[in-house]
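Trainee: Sharing a structure with you now.
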Amino acid sequence: MGDALIQAARAAQANAYAPYSRYAVGAALETADGRIFPGANVESAALGLTNCAERVALGAAVAAGAREFTRIVVVTDSSPPAAPCGACRQVLAEFGSDITVEAVGPSGARRWRLGDLLPDAFGHADLER
Ligand code: THU
């Protein structure tokens with residue numbers, strides 16, 4: 001069900017490696033030129049080394065040369081659908097605050113502009129002092 005980005009995020013959720021939390025997350029990131037990069041959470045027995053689905057998708061996209069993003073869909077089984085964690089918001093904000101963030105779950109969807117989820121994000125301009 002849903003559009004191609006939602007379908008990609010759902011497919012990625014099925015591939016989540018989450019044996020510790022048993023909380024599967026799928027993400028799919030769309031680039032300005034229409035490419036789609038999926039991600040799933042990848043947990044580790046060294047629990048703090050877990051990678052979130054959103055940052056897995058972003059890393060794959062950047063590794064493929066993408067720099068401009070329009071939308072990310074995050075699929076969980078939470079109701080209401082869970083928004084991305086703070087760390088993922090910050091890392092996504094590296095690439096712009098206009099990205100649409102869409103959370104999808106069993107009870108529907110919610111969407112935001114990234115800049116509204118993370119106002120006053122730390123950014124490269126702050127490094128200029
Ligand atoms: N998780 C994500 O993949 N994305 C988020 O935005 C929040 C949390 C994952 C990390 C961990 O594998 C599981 O969900 C429970 O925290």
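The values are calculated or read from the model by the stated rules, or taken from the named source; none is laboratory data. Only a predicted model underlies this, so the values are computations on that prediction, with no experimental measurement involved. Here the Cβ positions follow ideal geometry from the backbone for every residue, glycine too, while neighbour counts run over all protein chains shown. Heavy atoms of the whole protein, side chains included, go into the accessibility calculation; ligands, DNA and RNA do not. Shrake-Rupley method; radii C 1.70, N 1.55, O 1.52, S 1.80 Å.
Trainee: Could you say whether any residue in the stretch 103-115 is away from the ligand (no atom under 14 Å from the Cβ) and of a type in the set (Phe, Trp, Tyr)? If you could, list the steps in order and put the result at the bottom.
Mentor: The first filter runs over the stretch 103-115 and keeps only residues away from the ligand (no atom under 14 Å from the Cβ), leaving 106-109, 111, 113, 115.
Checking which are of a type in the set (Phe, Trp, Tyr) leaves us with none.
Checking the stretch 103-115: not a single residue is away from the ligand (no atom under 14 Å from the Cβ) and of a type in the set (Phe, Trp, Tyr).
Trainee: Against the definition (among the small types (Gly, Ala, Ser), within 15 Å of the ligand (Cβ to nearest atom) and either outside any strand (DSSP E or B) or within 16 Å of VAL101 (Cα to Cα) (or both)), how does ALA27 come out, yes or no?
Mentor: Working: among the small types (Gly, Ala, Ser): yes; within 15 Å of the ligand (Cβ to nearest atom): yes; either outside any strand (DSSP E or B) or within 16 Å of VAL101 (Cα to Cα) (or both): yes.
Considered against the rule, which asks whether it is among the small types (Gly, Ala, Ser), within 15 Å of the ligand (Cβ to nearest atom) and either outside any strand (DSSP E or B) or within 16 Å of VAL101 (Cα to Cα) (or both), ALA27 comes out as yes.
Trainee: Going by the structure shown, is ALA87 near the ligand (Cβ under 10 Å from one of its atoms), out of contact with any His (no Cβ under 7 Å at 6 or more places or on another chain) and either among the aliphatic types (A, V, I, L, M) or open to solvent by 40 Å² or more (accessible area, probe 1.4 Å) (or both)? Spell out how you get there, then give the answer.
Mentor: Details: near the ligand (Cβ under 10 Å from one of its atoms): yes; out of contact with any His (no Cβ under 7 Å at 6 or more places or on another chain): yes; either among the aliphatic types (A, V, I, L, M) or open to solvent by 40 Å² or more (accessible area, probe 1.4 Å) (or both): yes.
Criteria met by ALA87.
Trainee: I would also like to ask the following. Starting from residues that are open to solvent by 60 Å² or more (accessible area, probe 1.4 Å) and touching a residue at least 40 places away in the same chain (Cβ under 8 Å), keep the ones in the stretch 1-24 and report whichever is nearest to the ligand (Cβ to nearest atom).
Mentor: Ranking the qualifying residues of the stretch 1-24, first place goes to TYR23.
Trainee: Any idea which of ALA82, ALA61 is in contact with a Ser or Thr (Cβ under 9 Å, 6 or more places away or on another chain), surrounded by 12 or more Cβ atoms within 10 Å (Cβ to Cβ), of a type in the set (A, V, I, L, M) and part of a loop (DSSP other than H, G, I, E, B)? I'd like the intermediate steps shown before the answer.
Mentor: On the way: ALA61 fails: part of a loop (DSSP other than H, G, I, E, B).
Sole residue among the options that is in contact with a Ser or Thr (Cβ under 9 Å, 6 or more places away or on another chain), surrounded by 12 or more Cβ atoms within 10 Å (Cβ to Cβ), of a type in the set (A, V, I, L, M) and part of a loop (DSSP other than H, G, I, E, B): ALA82.
Trainee: Look at the stretch 30-43 and say how many of its residues are open to solvent by 30 Å² or more (accessible area, probe 1.4 Å), aliphatic (A, V, I, L, M) and part of a strand (DSSP E or B).
Mentor: 2
Trainee: Among the residues of the stretch 37-56, what is the count of those that are more than 10 Å from the ligand (Cβ to nearest atom) and touching a residue at least 24 places away in the same chain (Cβ under 8 Å)? Spell out the reasoning first.
Mentor: Step one: list which residues in the stretch 37-56 are more than 10 Å from the ligand (Cβ to nearest atom), which gives 37-38, 45-46, 48-49.
Those left that are additionally touching a residue at least 24 places away in the same chain (Cβ under 8 Å): 37-38, 45.
Here the count works out to 3.
Trainee: Here's something else I'd like to know. Could you check the stretch 44-58 and list, in sequence order, the residues that are surrounded by 11 or more Cβ atoms within 10 Å (Cβ to Cβ), among the small types (Gly, Ala, Ser) and in contact with a Pro (Cβ under 9 Å, 6 or more places away or on another chain)? Explain how you work it out, then say what you get.
Mentor: Step one: of the stretch 44-58, the residues surrounded by 11 or more Cβ atoms within 10 Å (Cβ to Cβ) are 44, 50-58.
So of that shortlist, the ones also among the small types (Gly, Ala, Ser) come out as 44, 53, 57.
Across the stretch 44-58, the qualifying residues are ALA53, ALA57.
Trainee: Which of the residues that make up the stretch 106-124 are part of a strand (DSSP E or B) and more than 14 Å from the chain's Cα centre (by Cα)? Walk me through it before giving the result.
Mentor: Applying the first criterion (part of a strand (DSSP E or B)) to the stretch 106-124 yields 108-113.
Matches in the stretch 106-124: GLY108, ALA109.
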